[in-house]
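First comes the structure, then the notes that go with it.
Coordinate-derived values only; no laboratory data. Everything numeric in this text was worked out from a predicted model, so none of it was measured. A quick note on method: Cβ atoms are made from the backbone with ideal geometry, for glycine too, and the neighbour counts reach across all protein chains shown.
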Amino acid sequence: MARTVDLILKGGILVNHDGVGARDVAVDEGRIVALGDMAGLSPRHTLDCRGLHILPGVIDTQVHLREPGLTHKEDLESGGRAAVMGGVTGVFEMPNTKPLTTSAETLADKVARARNRMYCDFAFYMGGTRENAHDLARLEQLEGCAGVKVFMGSSTGDLLVDDDDGVAAILAAVSRRAAFHSEDEARLKARTGHQRAGDPASHPVWRDAEAARACTARLLRLARAAGKRIHVLHVSTAEELPLLAEHRDLASVEVTPHHLTLCADDYARLGTRLQMNPPVRGAEHRAALWAAVANGLVDVLGSDHAPHTLEEKARPYPQSPSGMTGVQTLVPIMLDHVNAGRLSLERLVDLTAHGPQRLFGIAGKGRVALGYDADFTIVDLKRRETITDRWIESRCGWTPYDGKTVTGWPVGCMVRGTLAMWQGEILGQAKGQPIRFGEALTRTA
């Protein structure tokens with residue numbers, strides 16, 4: 001007698017850790033139960049994936065969703081909608097909300113807000129501070145915690161840890177890989193005179209490459225002394241890359257789609273909409289980042305989705321806030337790079353699924369394999385679409401890529417066996433749950 005399963009994805013091209021090829025995938029009770037041969041299986045439903053590629057669900061390991069405290073820009077529900085509309089099945093969210101995510105209580109509040117309200121799965125970074133360093137060993141093990149995030153430059157309030165002793169205390173406490181925003185705060189303060197009022201093109205002049213290089217060199221020295229694993233977020237300079245290559249046993253590397261796609265020439269067109277920390281820089285830095293993608297130095301892609309309203313972005317520089325949307329455009333922008341020959345589809349899967357799983361020890365996600373969560377990003381590599389502000393689900397309603405035509409498009413997003421998006425329509429009810437981590441399973445099982 002045939003075994004009944006919930007769903008079979010039929011006729012698609014599967015892109016996975018063991019290659020690329022036509023393979024059906026069977027799903028039951030939210031997990032993958034068969035690959036390839038579907039003999040003996042009777043599906044309740046089928047999903048026609050002919051002409052489409054099935055990728056392991058994309059995990060965006062750096063987003064800012066602004067809830068609680070700044071929900072006029074974004075909230076967990078709208079940010080989750082943006083994620084699945086762009087084919088992203090899971091996100092790691094940052095701690096600089098109001099209140100800051102620096103305690104068990106503030107983390108639990110976020111998890112409760114997100115559960116069954118976000119369409120994608122989620123985890124939240126715990127902000128590392130001088131004040132909570134003594135408790136981070138416990139806090140990083142809590143349900144829904146992606147690890148510890150430290151701002152070494154240009155944060156506000158208690159999340160800024162710009163001194164070696166403060167960073168060392170955090171590294172001494174943690175056992176999981178800790179993530180860092182690496183810009184040297186002392187240099188940023190000393191160079192504020194390089195900001196030119198009304199000229200966002202001066203942003204990368206103020207926050208120059210040396211601010212990033214010097215901070216990353218300090219961070220690597222401190223991590224080596226502590227013997228701890230670190231993750232350097234949104235690497236943006238050519239100068240950091242050789243340093244990171246020397247410390248591959250403890251340091252992992254993230255780059256962003258905007259640093260791979262845009263450059264300083266775009267300030268004339270986009271103005272403050274291009275303003276990010278660390279900045280979008282000259283084309284020579286972009287070329288160096290692409291070389292690091294090609295040679296394997298880059299481990300993951302994160303969007304650094306950081307929405308602000310258009311009214312806020314319209315303030316004259318430097319009163320304008322840094323940040324842009326990105327979670328919804330990560331997949332189409334990078335598929336366009338795949339079609340342009342800048343990276344392979346397999347390398348994109350490594351950067352957005354295998355890489356996050358490998359670095360952070362994500363349990364049951366990041367590849368298409370028996371017993372894993374049925375998380376899939378389904379794409380049409382040949383489809384040409386124009387990205388527009390109207391398409392953006394984020395509450396702020398804009399993208400720096402408005403008007404950009406791309407080849408390659410996310411047409412489906414499945415989260416634990418539930419189709420959250422299909423052909424541009426968000427479906428059903430939100431069923432997001434906390435992402436689980438191998439290093440914390442004993443605490444959260």
Check: Could you state the per residue volume, in Å³, of the convex hull enclosing the Cα atoms of the range 293-365?
Finding: 138
Item checked: Estimated vicinal HN-Hα couplings, Hz - the range 281-293 in sequence order (Karplus 6.51, -1.76, 1.60; Gly, Pro = x) -> 10, x, 4, 5, 6, 4, 4, 5, 5, 5, 4, 5, 5
Note to self: I need the peptides 338-347, 70-79 ranked by packing, meaning the mean over residues of other C-beta atoms within 10 angstrom, with the highest value on top.
What the structure shows: 70-79, 338-347
Next item on the list: With springs only between Cα atoms under 10 Å apart, run a GNM on the chain and tell me which of 67, 185, 210 wobbles the most.
Entry: 210
Next item on the list: May I ask you to evaluate 6.51 cos²θ - 1.76 cosθ + 1.60, the Karplus curve with θ = phi - 60°, for each residue of the range 382-393 and list the ³J(HN,Hα) values in order in whole Hz, giving x for glycine and proline?
Entry: 9, 6, 9, 9, 9, 5, 9, 4, 5, 6, 6, 7
Checklist line | Cβ-based charge dipole, the chain, positive-most Cα from 102, 25, 195 | finding: 25
Checklist line | Among 385-392, 27-34, 171-178, the order from most to least packed when residues are scored by Cβ within 10 Å on average | finding: 171-178, 27-34, 385-392
Item checked: Karplus 3J(HN,Hα) series, Hz, for the range 165-179 with 6.51 cos²θ - 1.76 cosθ + 1.60 (x for Gly, Pro) -> 4, x, 5, 4, 5, 5, 4, 5, 7, 7, 10, 7, 5, 9, 9
Check: Bin by bin, in steps of 5 Å, what percent of the Cα pairs in the range 164-233 do you find, going until the bin that has the longest distance?
Finding: 3, 16, 25, 18, 13, 10, 8, 5, 1
Next item on the list: Using only Cα atoms, locate the centre of the range 93-135 and the centre of the range 315-349, then give the distance between them in Å, rounded to an integer.
Entry: 25
Next item on the list: Please provide three numbers in whole Å: the alpha-carbon extents of the range 1-109 along the principal axes, with the largest listed first.
Entry: 55, 28, 24
Note to self: Under 5 Å between amide hydrogens, which residues at least 5 positions from residue 426 or on another chain qualify, with H placed 1.01 Å from N in the peptide plane?
What the structure shows: none
Checklist line | Distribution of pairwise C-alpha distances over the range 268-316, 10 Å bins, in % | finding: 19, 44, 26, 11, 0
Next item on the list: Could you list the residues of the range 266-293 with an amide nitrogen less than 20 Å from a label point located 7 Å from the Cα of residue 344 in the Cα-to-C-beta direction?
Entry: 290-293
Note to self: Could you compute the net charge surrounding residue 57? Neighbours are other residues with a C-beta less than 13 Å from the C-beta of residue 57; K and R count +1, D and E count -1.
What the structure shows: 0
Checklist line | MRE, 222 nm, helices only [DSSP H, n ≥ 4, -39500 (n - 2.57), over the chain, to nearest 500] | finding: -7000 deg cm²/dmol
Check: About its Cα centre, how strong a charge dipole does the chain have in debye, to the nearest 20, once Lys and Arg get +1 and Asp and Glu get -1 at the Cβ?
Finding: 340
Notebook entry, point to check: Mind listing the Cα extents of the chain along all three principal axes, in Å, largest one first?
Noted result: 73, 47, 41
Checklist line | Positive-end extreme of charge dipole, the chain - chosen from 340, 320, 141 (charges on Cβ) | finding: 340
Next item on the list: Give the residue from 38, 64, 54 lying farthest towards the positive end of the charge dipole for the range 24-102; charges sit on Cβ (+1 for Lys and Arg, -1 for Asp and Glu) and the dipole is referred to the Cα centre.
Entry: 64
